[in-house]
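The structure appears below as structure tokens.
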Amino acid sequence: MDNTQQMINTLLKPINQFLQCETPDGWIEEARQPENLTALLVDHCNCELKASQTAMFMVRKYAVDKASGAALMAWAKPYEDFVYGGNERSATDFHSKKNGLLAPLTPRSDFAHGSELIDKMVRLIKEEFHHFEQVLEIMDKRDIAYHNLHAGRYAKGLMKAVRTHEPATLIDKLIVGAYIEARSCERFAKLAPYLDPELRKFYISLLRSEARHYQDYLTLAEKIAGKNIADRIRIIGEKEAELILAPDDTFRFHSGVPVMAVCSA
């Protein structure tokens, strides 16, 4: 076993124990088809933005003051303008306007876990934005233009399991975040061997950060809850597995079993 495969196996061991099912072979077979490459990359790009937006929303809602929230929104604006800009979007304009976080973030005094939430989520946001740019670069080299692609049912389906009172809402959203990152890591690893060398190398390069993101979300959920959250992890995990294993007529990075695969089984 080479060092790369050993690294992958080490990273995936806790993730495979956390997830309640594996990605079905039917999804892998669909994802590896050349005609689905555009959808795979565009949706991957969208997933990176959504992940950063989710983390940013949590920081703004729970952990920082109004001025810090505005600084976070300014950081995200070039990415959001590019994705939601319709026919007016320009990669050149995007790269000229993107910037880092331009002001320090001030934790709110009424949330005990504010500093830790800020530290972990800001690092996650930086990495997701970087991954977004990497996917765009790969698309550009392959003459794949970014275009609007409606979201699949996965994230919305997971949010249906989130409780509606605090602090339960935050705890559940953090657990949802852990499942999304863990599933992403599992799929990157499982799909990589079937892709061309550039994409294979890129997807393997993402594994460490995705694995850490899952752990960060879970650690925050446990600390904020201040008690055992195994039941909530199990309940949300059951919903996640249900979405992954159910027939799905829309191919996306987190979609379920392709309908054609179900029909031919």
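In table form, for the structure just shown:
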read-out	value
Residue that is nearest to SER209 (Cα to Cα) [pool: residues in the range 138-188 that are over 13 Å from the mean Cα position of the chain (by Cα), in a helix (DSSP H, G or I) and of a type in the set (Val, Ile, Thr)]	ILE138
Number of positions in the range 124-144 that are charged (D, E, K, R), surrounded by 15 or more Cβ atoms within 10 Å (Cβ to Cβ) and modelled with pLDDT under 95	0
Residues being without any contact (Cβ under 8 Å) to a residue 24 or more places away in the chain and open to solvent by less than 20 Å² (accessible area, probe 1.4 Å) - total across the range 38-71	1
Check on HIS165, of a type outside the set (A, V, I, L, M, F, W, C) and crowded, with 17+ Cβ neighbours inside 10 Å	no
Residue that is nearest to VAL257 (Cα to Cα), among those in the range 15-28 that are out of contact with any Asp or Glu (no Cβ under 9 Å at 6 or more places or on another chain) and surrounded by fewer than 16 Cβ atoms within 10 Å (Cβ to Cβ)	ASP25
Residue in the range 255-264 that is part of a loop (DSSP other than H, G, I, E, B) and either touching a strand residue (DSSP E or B) at 6+ places or on another chain (Cβ under 7 Å) or farther than 22 Å from GLU48 by Cα (or both) present	yes
Checking ARG200 against (1) open to solvent by 10 Å² or more (accessible area, probe 1.4 Å); (2) over 27 Å from GLU29 (Cα atoms), the condition it does not meet	(2)
When residues of the range 101-123 are limited to those that are touching a residue at least 60 places away in the same chain (Cβ under 8 Å) and open to solvent by less than 40 Å² (accessible area, probe 1.4 Å), the one farthest from PHE253 (Cα to Cα)	LEU117
Hits in the range 1-59 (condition: touching a Ser or Thr at 6+ places or on another chain (Cβ under 8 Å) and over 30 Å from PRO107 (Cβ atoms))	TRP27
Pairs, first within 29 Å of ILE233 (Cβ to Cβ) in the range 11-37, second part of a loop (DSSP other than H, G, I, E, B) and of a type in the set (Asp, Glu), C-beta under 8 Å, six or more apart	ASN16/GLU22
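Residue by residue, here is whether (1) touching a Ser or Thr at 6+ places or on another chain (Cβ under 9 Å); (2) charged (D, E, K, R) holds:
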| residue | (1), (2) |
| --- | --- |
| VAL176 | yes, no |
| TYR179 | no, no |
| ARG187 | yes, yes |
| GLU198 | no, yes |
| LYS201 | no, yes |
| LEU207 | no, no |
| LEU220 | no, no |
| LYS227 | no, yes |
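The values are calculated or read from the model by the stated rules, or taken from the named source; none is laboratory data. These numbers were taken from a predicted model, which means no experiment stands behind them. Neighbour counts are summed over all protein chains in view; Cβ atoms, including those assigned to glycine, are modelled from backbone coordinates with ideal geometry. Accessible surface is based on the protein model in full, side chains and every heavy atom, while ligands, DNA and RNA are left aside. Shrake-Rupley method; radii C 1.70, N 1.55, O 1.52, S 1.80 Å.
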